[in-house]
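These notes concern the structure reproduced below.
The values are calculated or read from the model by the stated rules, or taken from the named source; none is laboratory data. Keep in mind it's a predicted model, so treat the numbers as computed, not measured. Cβ sites come from the backbone with ideal geometry, for glycine too, and all protein chains shown count toward neighbours. The accessibility values were calculated without ligands, DNA or RNA, using every heavy atom of the protein model including side chains. Shrake-Rupley method; radii C 1.70, N 1.55, O 1.52, S 1.80 Å.
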Amino acid sequence: MGARAQYVVVENGAWQRYYSHWAANRIVDDLLPGPAAATRCFRANREIDEWLDDVWCEGAALVDHDRRALLWFASVDSLADHVAARAVLTRTWPGWDVRFAHDGMGDLTHHLGLGRDLTRTPGWFETFEPSGFAASEYTEPRSVVSLRLPGGRVRAWGSGREPVEHLAGGPRLVDPIAASSATPALNNMPYGGVHFDPQARTVSLWAVQTVAGLHDWPLPGWEDWVLDFRGDDHTRQAALLPANFPFPSPALAAALRKLADGLSAPLPDMSAPLARAAGAASPEGTTPVANPAALVPHEPADPTPAELAALRGAIDALTAGAEAG
């Protein structure tokens, strides 16, 4: 239980790690007011001397004042929410290199010169033998898979798998994809997409979530394929999709308004989940033990009035532009 977050602050050649048991879903909110406010917020949490791994860490941020670099990852409700956050961060972190950490904790440790595998055990990237394609029957799939057929035509399907999971099956997944029936057209944007071009031996991938492991390319089975990683840019795949399977337009204005509404929303009441954590039953014959960190609510340092006003101004300007089309 919880939404574990790890923060790293780099300043004057030194770095410190901080931890919150409940803040992974607030990473973006805490970053939006800018570097000074985010640094105060992160330093208000408990300092620790260990790393979370990709399993336990559900959101993280690294603020490097020396190199003016921000890396972060966290789950979002939609592609529009991710695009809106990126747009606001570009304005409230002027002069900073703002990057989504697609490799999860690997990007953070790599930035510090510690390599990408510090928190990962050997063989951590799990592959599987494909027995079929997880085609989605819904109009809101996790990802979209497109495939260039031998004659040059491109087909596309909605998929129930995460984008990077299509690579864990190796190139043998291509045949089941090609044999799949059509899936429903999209109502909303997916969280990522994969495009296979067997003739060019190229696979292209984009995502608005972590896709840990891609920096270890080639992944098993893909030794003679080229990876075209597009970050969070979906436009190349959008240009390849057939006319009857287009990407919907992201609802950017609505996502920006949601960010604006969140500025005045109170923090969620954590008394109930904290009480459950403290009173959780244990198996018969054992002594219940609660993780002390689970009993500490996330209490971020508030941005100053000037920081909040600048943030509201940035969101308002972006919203006006999105509404104007």
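A Cβ-based charge dipole, computed about the Cα centre of the stretch 80-196 with Lys and Arg at +1 and Asp and Glu at -1, lands at about 360 debye. Beta bridges assigned by DSSP with both partners in the stretch 107-212 are antiparallel in approximately 75 percent of cases. The accessible surface of the chain, taken with every protein chain in place and a 1.4 Å probe, is 52 percent carbon and sulfur. The smallest convex shape that holds all Cα atoms of the stretch 57-197, its convex hull, gives 146 Å³ per residue. Taking the average, over residues, of other Cβ atoms within 10 Å as the packing measure, peptides 106-117, 30-41, 212-223 rank 30-41, 106-117, 212-223 from highest down.
Note on the chain: antiparallel DSSP beta bridges, both residues inside, total approximately 60 percent of the bridges counted. Between the listed residues 70, 41, 9, the Cα displaced farthest toward the positive end of the dipole of the stretch 1-71, a dipole computed from Cβ unit charges relative to the Cα centre, is found at 41. Helices in the chain that qualify as membrane-span-like (whole DSSP H runs, Cα extent of at least 18 Å along the helix axis, mean Kyte-Doolittle hydropathy of 0.0 or higher) are 79-92, 305-324. A simple count of charges around residue 100, restricted to other residues whose Cβ falls under 14 Å of its Cβ and scoring Lys, Arg +1 and Asp, Glu -1, yields -3.
Counting DSSP beta bridges in the stretch 171-240, what percent are antiparallel, to the nearest 5?
60
Averaged per residue, the chain has 48 square angstrom of accessible surface, using a 1.4 angstrom probe with ligands and nucleic acids left out. Remark on the chain: Rg and Dmax equal 21.3, 66 Å (Cα only). The modelled label-to-label distance for the pair residue 126/residue 263, using points 7 Å beyond Cα in the direction of Cβ, is 4.3 nm.
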